[in-house]
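Participant: Okay, here's the structure, questions in a sec.
The values are calculated or read from the model by the stated rules, or taken from the named source; none is laboratory data. Everything numeric here is computed off the predicted structure, so don't read it as measured data. Every residue, glycine among them, receives a Cβ derived from its backbone with ideal geometry; neighbour counts consider all protein chains shown. When the accessible area is computed, the model is the full protein with side chains, heavy atoms only, and any ligands, DNA or RNA have been set aside. Shrake-Rupley method; radii C 1.70, N 1.55, O 1.52, S 1.80 Å.
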Amino acid sequence: MSGPASPVPVPDVFDPRQYALGVPHDRYRLLRDHHPVAWQEEPEVLGWPAGPGFWAVTRHEDAVRVLKDSSTYSSCLGATQIRDPDPADLPFIRRMMLNQDPPHHRRLRVLVSRAFTPKRVDRFETVVRERARSLLTRAVTEARAGDGTCDLVTRVTDDYALLNLTDLLGLPDTDRALLLHWTQRVIGYQDPDEAGAPVLGPDGKPVNPRSPAALRDMFDYAHALALHKRHNPADDVMTALATDPELTAPELEMFFFLLVVAGNDTVRSAAPGGLHLLAEHPEAYARLRNGEVGLATAVDELLRRHPPVLTFRRTATQDTTLAGTRIRTGDKVVVFHASANHDERVFPSPLTLDLTRSPNPHISFGDGPHVCLGAHFARLQLRVLYEEVCGVIPAGLFQPAGRSRRLVSNFINGVKSLPVRVADA
């Protein structure tokens, strides 16, 4: 397949291994300028089988159009990952709200919204702030006893995201290791460091980490927790879900899956990405620390530059045209969030970190009917974390102390390690 003829070759933006080196902004720019809807091959990579290929959507205007038009670009037909799921798993995967279209999607969104309210989330700010301050103080104290550096991912942001989620859901803190394990298995499946070697099925092919068999242990935990919450209710999301008479048992399973994985990895990916940007831009960090820049605009700019999610897939329900390119019924159409967030047609000097940027219509939390339900909670956590960093780490010290390590993934914009200087040795 091909779009309009162009003398500029179409670069590959599919291979997950390239994202371990950094977001390929040069390739995105080529696609936006010359192939805004570009056909991408889907070869076998890291043991995962080849696929039929897909259309990569890289301009902001086109990305928003795809995300808003669920009647033409479906989340349900083939789900929302680039890789096609096993056809036998597709009915199961479609139970998740993320993989549904209106009107069914709307019903589930309303149900979970009752539990995931801004009022409930706002009550968590005090404990979230105390946690950020405690984790950062510990990291700085340890750094002072050593060489003045620490890995903010392993010492701060992983625990921060995981423990905040356990509070919101009402899980014991001691179970945060389970959340991390499930997240690494589902989100980091393309990265051997995160998930290890793929688990192979009887046919010798890797087992989809989102298949029913792979998620059985998570679902068993969800049901045991729901039973506990019915007998011991509390002011948390799992109590609200477990006691909702309109929610079926399979729906409860999928909500737990969605909240554990998406609710964790949104902040787990965005927080170190934002901190890395601040460490790399000392003038911007100094302005934020001095109160010259508002936290709300700063959070959005850091999210624009480092969106937690790189891609989301849709499937064309009918023949259509996008940016002059003919798309056939059944074609996979993949929105590239990091590219759309750096589209020069919308964001002047897009590679410049401007913490005062306004307006800032980034799509880091999506758009349309599937806009992130937990965006309010994620913004709260990021705002509090950056405020506490500003209070603990002096402007003159905060800087990278080595190369960060990134996730092998074309889905999540993950940071596995972030060594930074946070104190005098």
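Participant: If Asp12 passes every condition in (1) modelled with pLDDT of 95 or more; (2) more than 30 Å from Leu418 (Cα to Cα); (3) not hydrophobic (A, V, I, L, M, F, W, C) but one, which one does it miss?
Facilitator: Evaluating Asp12 over (1) modelled with pLDDT of 95 or more; (2) more than 30 Å from Leu418 (Cα to Cα); (3) not hydrophobic (A, V, I, L, M, F, W, C) leaves (2) as the failure.
Participant: Moving on. Output the residue which, of all residues in the stretch 253-279 that are charged (D, E, K, R) and closer than 14 Å to Ile187 by Cα, is most open to solvent (accessible area, probe 1.4 Å).
Facilitator: Among residues in the stretch 253-279 that are charged (D, E, K, R) and closer than 14 Å to Ile187 by Cα, the one most open to solvent (accessible area, probe 1.4 Å) is Arg268.
Participant: In the stretch 208-232, which residue that is in a loop (DSSP other than H, G, I, E, B) and open to solvent by 50 Å² or more (accessible area, probe 1.4 Å) is farthest from Ala249 (Cα to Cα)? Break it down stepwise before answering.
Facilitator: Going residue by residue through the stretch 208-232, those that are in a loop (DSSP other than H, G, I, E, B) are 208-215, 232.
Still in the list and also open to solvent by 50 Å² or more (accessible area, probe 1.4 Å): 213, 232.
Numbers: Ala213: 17, Asn232: 18 Å.
Ranking the qualifying residues of the stretch 208-232, first place goes to Asn232.
Participant: Right, something else. Any residue in the stretch 34-51 that is within 27 Å of Arg345 (Cα to Cα) sitting within a Cβ distance under 8 Å of a residue that is among the basic types (Lys, Arg) and surrounded by 14 or more Cβ atoms within 10 Å (Cβ to Cβ)? List the pairs, counting only those 6 or more apart or interchain.
Facilitator: Listed by first residue and then by second, the contacts come to Pro36/Arg59.
Participant: Thr352: hydroxyl-bearing (Ser, Thr, Tyr), open to solvent by 10 Å² or more (accessible area, probe 1.4 Å) and touching a Ser or Thr at 6+ places or on another chain (Cβ under 7 Å), yes or no?
Facilitator: no
Participant: So, Pro102, is that one in contact with a helix residue (DSSP H, G or I) (Cβ under 7 Å, 6 or more places away or on another chain), open to solvent by 10 Å² or more (accessible area, probe 1.4 Å) and over 24 Å from Met238 (Cβ atoms) or not?
Facilitator: yes
Participant: Moving on. Restricting attention to the stretch 283-319, and to residues there that are among the hydroxyl-bearing types (Ser, Thr, Tyr) and in contact with a Lys or Arg (Cβ under 8 Å, 6 or more places away or on another chain), which single residue is nearest to Thr80 (Cα to Cα)?
Facilitator: Thr315
Participant: Give me the pairs, please: first residue somewhere in the stretch 112-137 and free of Cβ contacts under 8 Å to residues at least 40 places away in the same chain and buried (at least 16 other Cβ atoms within 10 Å of the Cβ), second residue anywhere and among the β-branched types (Val, Ile, Thr) and part of a helix (DSSP H, G or I), beta-carbon distance under 8 Å, and either six or more positions apart or on two chains.
Facilitator: What qualifies is Leu135/Val156.
Participant: Taking the options Arg287, Arg326, Arg379, Arg345, name whichever one is surrounded by fewer than 17 Cβ atoms within 10 Å (Cβ to Cβ) and part of a helix (DSSP H, G or I).
Facilitator: Arg287
Participant: Now, a different point. Among the candidates Thr311, Thr315, Thr321, single out the residue that is in contact with an Asp or Glu (Cβ under 9 Å, 6 or more places away or on another chain) and among the polar types (S, T, N, Q). Steps first, please.
Facilitator: Details: Thr311 fails: in contact with an Asp or Glu (Cβ under 9 Å, 6 or more places away or on another chain); Thr321 fails: in contact with an Asp or Glu (Cβ under 9 Å, 6 or more places away or on another chain).
Selected residue: Thr315, the only one of Thr311, Thr315, Thr321 that is in contact with an Asp or Glu (Cβ under 9 Å, 6 or more places away or on another chain) and among the polar types (S, T, N, Q).
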